[in-house]
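What follows is a single structure, written as structure tokens, with notes after it.
The values are calculated or read from the model by the stated rules, or taken from the named source; none is laboratory data. It should be emphasised that the depicted structure is a prediction, and the values quoted were computed from it without experimental measurement. A quick note on method: Cβ atoms are made from the backbone with ideal geometry, for glycine too, and the neighbour counts reach across all protein chains shown. Ligands, DNA and RNA are excluded from the accessible area calculation, which covers all protein heavy atoms including side chains. Shrake-Rupley method; radii C 1.70, N 1.55, O 1.52, S 1.80 Å.
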Amino acid sequence: ATEDDEGAEDESLVRDRGGRWVNAGSAEFGFEDLRRAFCVFRDGLFDNPDVRVRIGPVVGKVTNSSAVILVEVDTACDLVLNIARARPCGAGGWDFEPPLAARGLETMRFSASGSFSVCHSVEPRRPYSFVLEGLRPDTAYVALLSNICKEDLSRCVALFRTLPEVVDSLRLLIVSGHRPPLRAIGAANPWQRLHDLARQGPEVSVSLHLGSTVDVMPAADEAAKLLRDLTSYTAGARKDLERRARETLRNAYWEAWGRHEPLRKVLSEVGSHLPIFAPPLDIDMLKLAGYADPSVSEDRHTLMRISMDVYKEYQRALWQSCLSDGNPDVRVDARDDSVRAKAGATRIGSRGGQWEDADDREFWTRHRTTSSTTIEEWHMHRYGNICVLMLDTKGALLSKLGATSTLISALQLQAVNEVLRDPFYKVLVLACDIPFMLDMLPECSPAGMTQTPLSWSACPSKLVSLLESLFEWKQKQYPEREVVLVSGGPGFGTTGDVCDHKLGLSIPVVIVGPTLGRVCAPTMWLLQNTLAGGRFSYVYRAPLDRWNFCMVDIDLAASQRRPTVEVQMVDVPVPQGTAWPDG
């Protein structure tokens, strides 16, 4: 056998820039070397002019050893996902490792050790989730695709960093809403402003989507029209109409996540993305009136079923795929061969080098999406002593097809109480798609205006009960515990505080949005009010009638006993003359 044949068969060897076979752990490569075979990847990066990327790579949930990557292409092919391990920057001018978004691909250095490729046959116009397990903690990775057109080889790239084994700080990005104006706005685009800010550091760890980042209403209306009078069609025609409705909703995600370039870059380069429950559906259409007619009922049941399917394909897949009870399209064991061969059990965490009980793991996700009787789309994520709980205010409505006044389900309330009983947590981030405290002026709230609650203030008993539980949890170990309430808004963003005058404590409150969309002045809303006979009161600062998003920095190590939480609202002015599709 020739030397080339022997090197190609030995997976521990790679080619260096001079074409010599060297040990994979000692070789270092630049971005251009990734294209060459047997450098970082066995087949290098290769193109296929017939395949375009529609969506992705989108970075879903990332832990210390795993990551979710979502990809969609327009043509059936054998898609190759390549994961390159980036070496630490070591560049001057930074007091810390710079954010990945600030490191140009051309300046990065890569290692063949810890890099890998996976090939999967994919169908066109359907998203696929890749779950990467066994990654190295606190390590930067670059996700690239092969067998796609040459233009997308360098454009469709995702960047992510795994979390350290023990989390003592976390930067959260909070966004809500995406509805583009009629004309492109160039540098004024808030998603571009967000990306620019993320390049300045510190690095965003998690991005919370508290409102839909897809303009779903036009697609939802079109899907509803396609599914009208379904009972009057033959079985074959109905199947075709359902297929077209599904394609219509999928195209809405393509328009936002694939074609809106600044948003596409944020999804690929700024943190790991956790969406709240926001199905591609006009929930106010699901009113009780008309359900006596079986044909109308079947139309709406079908629309809801397809909308839920599409939601699961895109939004839920970003976080649930990484779970043992999730259903990713591809699950990859990225550990080195030697590590995989020795693994007889799974080591969880690394506190003091000890094996840990599964109930005390540093990274953990809990949900109840498998309920057979109700729609339960809340999910909880543990990051060490920090808990992020994404509430679901729409599942109860959809479960009863609009015939309920319950804001959140009993199962969800039980989950909140279990989180509050867990002695492990020091900071609780409670996230919702609607504000927790925001009362509409009496003259602005005509009866029957909407089927869905616009804030928790519409259900005062639930709100008071929640506040009592949160303040009592904080008070039990004050000042070692903190709570942050974050939510989407009705068209403006602001920050404030809610106070418990009985316990003498306060909790910061954040309302975000729209990140891109129509803004409105807060003339319909009370920006301060009292609850429970004066026990609780809330007050907001001057609202932002601009596009906005928020950064929340949590640091458990800044003080010996007290966690620090800093909130930074960022606003972007709406250009004069901005017009919207509905006028």
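The number of residues in the range 247-273 that are in contact with a Pro (Cβ under 7 Å, 6 or more places away or on another chain) and in a helix (DSSP H, G or I) comes to 3. Among the residues in the range 547-555, are any free of Cβ contacts under 8 Å to residues at least 24 places away in the same chain and closer than 30 Å to Gly504 by Cα? For the range 547-555, residues free of Cβ contacts under 8 Å to residues at least 24 places away in the same chain and closer than 30 Å to Gly504 by Cα: absent.
Screening the range 64-107 for residues that are of a type in the set (Ser, Thr, Tyr) and modelled with pLDDT under 95 and picking the one that is most open to solvent (accessible area, probe 1.4 Å) gives Thr107. Of all residues in the range 171-187, those that are open to solvent by 30 Å² or more (accessible area, probe 1.4 Å) have Cβ atoms under 8 Å from Cβ atoms of residues that are part of a strand (DSSP E or B), 6 or more apart or on another chain, in Arg179/Leu516; Pro180/Leu516.
Evaluate the range 476-491: report whether one residue or more is open to solvent by 10 Å² or more (accessible area, probe 1.4 Å), acidic (Asp, Glu) and at pLDDT 95 or above. Yes, the range 476-491 contains at least one residue that is open to solvent by 10 Å² or more (accessible area, probe 1.4 Å), acidic (Asp, Glu) and at pLDDT 95 or above. Put simply, of Cys432, Cys444 the only residue that is modelled with pLDDT under 90 and either more than 30 Å from Pro479 (Cβ to Cβ) or out of contact with any helix residue (DSSP H, G or I) (no Cβ under 7 Å at 6 or more places or on another chain) (or both) is Cys444. All of Leu197, Leu241, Leu182 fail the test of being assigned to a helix (DSSP H, G or I), closer than 30 Å to Gly489 by Cβ and not β-branched (Val, Ile, Thr), apart from Leu197. Among the strands (runs of 3 or more DSSP E) confined to the range 350-390, the ones with at least 3 residues that are at pLDDT 85 or above and out of contact with any Pro (no Cβ under 6 Å at 6 or more places or on another chain) are located at 379-383, 386-390. Per the conditions (1) open to solvent by less than 60 Å² (accessible area, probe 1.4 Å); (2) in a loop (DSSP other than H, G, I, E, B), the sole criterion not satisfied by Gly236 is (2).
Considered as a group, the residues in the range 498-532 that are charged (D, E, K, R) and in contact with a Phe, Trp or Tyr (Cβ under 7 Å, 6 or more places away or on another chain) include one that is surrounded by the fewest Cβ atoms within 10 Å (Cβ to Cβ), and that residue is Arg518. When each of Leu463, Leu407, Leu454 is tested for being touching a Lys or Arg at 6+ places or on another chain (Cβ under 6 Å) and surrounded by 14 or more Cβ atoms within 10 Å (Cβ to Cβ), the lone residue that passes is Leu407.
Filter the range 457-489 down to the residues that are under 20 Å from Gly211 (Cα atoms) and polar (S, T, N, Q) and list them by number. Residues satisfying the conditions are Ser457, Ser487. Within the option set Arg228, Arg244, Arg250, being open to solvent by 10 Å² or more (accessible area, probe 1.4 Å), at pLDDT 95 or above and over 30 Å from Ser205 (Cα atoms) holds for one residue only, Arg244. Screening Pro218 against (1) buried (at least 21 other Cβ atoms within 10 Å of the Cβ); (2) closer than 29 Å to Ser297 by Cα; (3) touching a residue at least 60 places away in the same chain (Cβ under 8 Å) leaves a single unmet condition, (1). Pairs linking a residue in the range 130-142 that is free of Cβ contacts under 8 Å to residues at least 24 places away in the same chain and assigned to a loop (DSSP other than H, G, I, E, B) to a residue that is charged (D, E, K, R) and open to solvent by 20 Å² or more (accessible area, probe 1.4 Å), with Cβ atoms under 9 Å and 6 or more positions apart or on different chains, do not occur. Once the range 290-328 is narrowed to residues that are open to solvent by 50 Å² or more (accessible area, probe 1.4 Å) and part of a loop (DSSP other than H, G, I, E, B), the residue that is modelled with the lowest pLDDT is Ala292. Residue check: Arg347 meets all listed conditions (1) of a type in the set (Lys, Arg); (2) over 21 Å from Leu556 (Cα atoms); (3) at pLDDT 60 or above but one, namely (3). Residues in the range 191-212 that are open to solvent by less than 40 Å² (accessible area, probe 1.4 Å) and closer than 18 Å to Asp138 by Cβ: Gly201, Val204, Ser205, Val206. Restricting attention to the range 141-156, the residues that are at pLDDT 95 or above and either open to solvent by less than 10 Å² (accessible area, probe 1.4 Å) or touching a Lys or Arg at 6+ places or on another chain (Cβ under 6 Å) (or both) total 10. Residues in the range 407-426 that are touching an Asp or Glu at 6+ places or on another chain (Cβ under 9 Å) and among the polar types (S, T, N, Q): Ser409, Gln412.
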